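Only one structure is covered here, and it is reproduced in the block below.
Where a number appears in this text, it was derived from the coordinates with a stated rule and is not lab data. Quick caveat, the model's predicted, so the values are computed rather than measured. Reconstructed Cβ throughout: ideal geometry from the backbone, glycine too, with neighbour counts over all protein chains shown.
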Amino acid sequence: MSKLLVVAAHPDDEILGVGATIASRVQAGDTAYAVILGEGQTSRAEHREEMSQSVVEELHRDTLAAAAHIGFQKIYFENVPDNRFDSMDLLDIVKKVEKLVRELQPDVIYTHHKGDLNIDHRITYQAVLTATRPMEDCPVREIYTFETVSSTEWNFAYGDYQFAPNVFVDVTASFRKKLDAMKEYHTELCQFPHPRSLKCLEVTAQRWGSVVGREYVEPFELVRSVKMY
């Protein structure tokens, strides 16, 4: 059994990128946690302070409701300013991740892809790699990056910054849990043809499934794997 940690920038990223995989792994006996670094929502107001705190609190309640469908043991909220991660020193975000890595001792981390359009996603990726430098006392043996629809593909990236998955998880048995979890995000779920619609989530999983001859798949890029035999 493994201990898993999802490091996500915003509420719903933990479902969009890896929800069905986590559900499958929890079902198989693994333990999963998630940290949501950003508060969510406040970037949608002209000025951050104009967003009611009750809106953020409601979004976080949605996160906890979604987590129950997936099987997360606990969700951590760090409340970094939404879509303003670049207004903070990277070190301050790194320390938030380091603290949880020390506390939870995860074997596996899932996080955002380095080529995402969203600045918070890119900084989250940097923070994870910095916080999990592969020194002898680092518990993390595997790091994967996931696709976040409406961010990863919208960057139209090429070369090293293009999402090029090399790990494919068959989530046919757990995919409905991902959709049920996403339904809890009342302010984030969109209508087709938006990528964050239920229909597009299903089409995306089927598309990646077709790459490896499966019905539904979540794709990942393996960043690092340390094997001990």
Item to complete: Provide the FRET efficiency to the nearest 0.05 for the Gln27-Val211 pair, computing r from the beta carbons and using R0 = 30 Å.
Response: 0.80
Response to the item:
Dividing the mean separation of Cα pairs under 8 Å (6+ apart) by the residue count of the chain yields a relative contact order in percent of 24 percent
Discussion item. For the chain, what does the helix formula give at 222 nm: sum of -39500 (n - 2.57) over DSSP H segments with n ≥ 4, over the residue count, nearest 500 deg cm²/dmol?
Written reply: -12000 deg cm²/dmol
Response to the item:
Residue-ordered couplings for segment 213-229, obtained by feeding phi - 60° into the Karplus form 6.51 cos²θ - 1.76 cosθ + 1.60 and rounding to whole Hz (Gly and Pro as x), are x, 10, 7, 10, 9, 9, x, 9, 9, 6, 8, 7, 9, 10, 9, 10, 10
Item to complete: Please work out the FRET efficiency for the pair Asn79 and Glu103, using the Cβ-Cβ distance as r and a Förster radius of 25 Å; give the result to the nearest 0.05.
Response: 0.90
Worksheet item: Mind ordering 198-205, 177-184, 53-60 by average Cβ neighbours within 10 Å, highest first?
Response: 177-184, 198-205, 53-60
Response to the item:
Per GNM of the chain with C-alpha springs under 10 angstrom, the most fluctuating residue out of Pro134, Pro219, Pro11 is Pro134
Fill in: Summed side-chain charge close to Pro139 - residues other than Pro139 whose Cβ falls under 14 Å, Lys, Arg +1, Asp, Glu -1
0
Worksheet entry | Cross-link pairs beyond the 21 Å C-alpha cut-off, checked among Lys96/Lys178; Lys114/Lys177; Lys114/Lys183; Lys3/Lys96 | Lys96/Lys178; Lys114/Lys177; Lys114/Lys183
